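Reading through the C-alpha cells given below for one structure.
The values are calculated or read from the model by the stated rules, or taken from the named source; none is laboratory data. Here the structure is a predicted model, which is why all the values come from computation and not from measurement. Cβ atoms come from the backbone with ideal geometry, glycine included; neighbour counts cover every protein chain shown.
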Amino acid sequence: MERHTEMRNDLPSATRTTAKSARAELLRLINGFQASQAIHVAATLGLSDLLGEGSKSATDLAASTGTHPVALYRLMRALASIGVLREDPGRRFALTPVGEFLRSDVAGTYAPMAELIGRPYFWQAWNHLLHTVRTDATAFDDLHGRSVWAYRAEHPDEARIFDRAMAAGTEGFAEAVLDAYDFGRFDRVVDVGGGDGTFLAKILAAYPRIVGTLFEQPHIIARTAASIESRGLSNRCQAVGGDFFSSVPAGGDAYLLKWILHDWDDTAAIDILRSCRRAMKPSSTLLVVEHIIGPPNASPEAAFMDLTMMVMAGGRERTRDEFAALFTQAGCELRSVTTTASPLCLMEGVAADI
C-alpha cells in the first residue's frame, strides 16, 4: 500500500491534479442519487412554492409542511450546498435561479418531474437495473408483475403524477420545437398518444387556423377532454379514444408522435407507425419528436433516457439510422431531422410510395 502511494507521488504534479479531479468527479456521480432524492422531497413538500414570495426560516417552513424543523433544515442546507437554494443568516432560505424551476407555477417547471422520479414504484425499478442488464428483462415488469401502463391504470394517483410530469416536460420543450419547425402548412394535426393535450394546445395557439384531433386510450380520454375544454379549445380540437396499435383517426395532414415510440420495442413501434401509415392521406406528413442517440461519448440526456426506457417500459432511444429503419418497415420514409434548442429532435416522414 505504501509503494502505491509513493508511485502516485512520483507522478508529475499536473497528472496528480488530473487524477484527483477525475476521482472527485466519479464520487460526485456515485452520490448523484442523494441530490435526486433531496430534490424529490423538496418538490413533494412544495418548498419552492412556499419560497416563491421571499426567504423564510426553516422553522416556518417546517410548520407549513408538517415536517420536523431540524430535519427540514438539514435537507435545505444540503440543497443550498448544490445551488438549489441559498441559505441566509438565521437559517433562512431563498430560491436560486435553479430552485425557481421547482416552483409549480413557472413556465418550464421541473417540480412534477422531480416528484415523479422519486416515487417508490419508479425508484424501486431503477434498483433492479442490474437484473435488466443481466437478463434484458424489463425491471419494472419483473418487480411489479405487470407493465408500467397497467400499474398506472390501477393507481390513479400515480397516473396523475405521471401526467403532470409529462405535461410539464412538454411545456419545457414545446416552444423549442415550435421555434424550429413550421406547422403552418397543416390544416389538421392528429396528436397520437397526446396525453392531456399540452403540446397540441401549444400548436393550436401558435396557429389559430389549425384544428386538432387528440387520440388517447379510452380509460384516460375523459381527463384529456376535460383538459382540452379547460384550455378553451373544444371548438378546434376533439378528443378521440382508441388503441394506436389497431388504428388512429384518418384525415390528418400531420400525424404527431411525441415521446411515444421510445416507450416500445421495435416490433411495437413499427405497429404504431403502421397504424399511422394506414390513416395517412397521400399528402400527409408523419412527425416524430424524440431524443436521438448521437455519436459515441455524446448525448447524455438521450443515453440516460434510454436506460429509463429499458428499466421502466422495455422501450429504447434510437439513432437516426434506427429511426429510419423503423419508418421504412412501416411503409414510410424519413425525409429530414430538425434539431431544436431542447434535447429533442423532430423527424419528418412521408408515405414511402409518394
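Quick notes on this structure:
- Taken over segment 39-77, the criterion of being among the hydrophobic types (A, V, I, L, M, F, W, C), buried (at least 16 other Cβ atoms within 10 Å of the Cβ) and over 20 Å from Glu115 (Cβ atoms) is satisfied by Ala58 alone.
Okay, residues lined up against (1) in the same structural domain as Ala174 (by TED's automatic domain parsing); (2) surrounded by 15 or more Cβ atoms within 10 Å (Cβ to Cβ); (3) closer than 22 Å to Ser283 by Cα:
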{"residue": "Tyr207", "(1), (2), (3)": "yes, yes, yes"}
{"residue": "Pro218", "(1), (2), (3)": "yes, no, no"}
{"residue": "Asn235", "(1), (2), (3)": "yes, no, no"}
{"residue": "Val240", "(1), (2), (3)": "yes, yes, no"}
{"residue": "Asp243", "(1), (2), (3)": "yes, no, no"}
{"residue": "Lys258", "(1), (2), (3)": "yes, yes, yes"}
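- Residues of segment 94-109 satisfying the condition of being modelled with pLDDT of 95 or more, of a type outside the set (A, V, I, L, M, F, W, C) and surrounded by 14 or more Cβ atoms within 10 Å (Cβ to Cβ): Thr96, Gly99, Glu100, Arg103
- Every condition in (1) modelled with pLDDT under 95; (2) surrounded by 11 or more Cβ atoms within 10 Å (Cβ to Cβ); (3) within 20 Å of Gly118 (Cβ to Cβ) is met by Thr17 except one, and the failing one is (3).
- Residues located in segment 75-121, provided they are assigned to a helix (DSSP H, G or I), charged (D, E, K, R) and either in the same structural domain as Gly54 (by TED's automatic domain parsing) or farther than 26 Å from Asp157 by Cβ (or both): Arg77, Glu100
- Apart from one condition, Gly193 fits all of (1) under 23 Å from Ser275 (Cβ atoms); (2) without any contact (Cβ under 8 Å) to a residue 24 or more places away in the chain; (3) not aliphatic (A, V, I, L, M); the exception is (2).
- Scanning segment 156-205 for residues that are over 27 Å from Ala114 (Cβ atoms) and surrounded by 19 or more Cβ atoms within 10 Å (Cβ to Cβ), we see that the one that is nearest to the chain's Cα centre (by Cα) is Val192.
- In segment 118-155, the residue that is nearest to Ile39 (Cα to Cα) out of those that are within 18 Å of the chain's Cα centre (by Cα) and of a type in the set (Lys, Arg) is Arg119.
- Inter-residue pairs, beta-carbon under 8 Å, first of a type in the set (Asp, Glu) and in segment 76-93, second outside any loop (DSSP other than H, G, I, E, B), 6+ apart: Glu87/Met76; Glu87/Arg77; Glu87/Ala80; Glu87/Phe93; Asp88/Ala94
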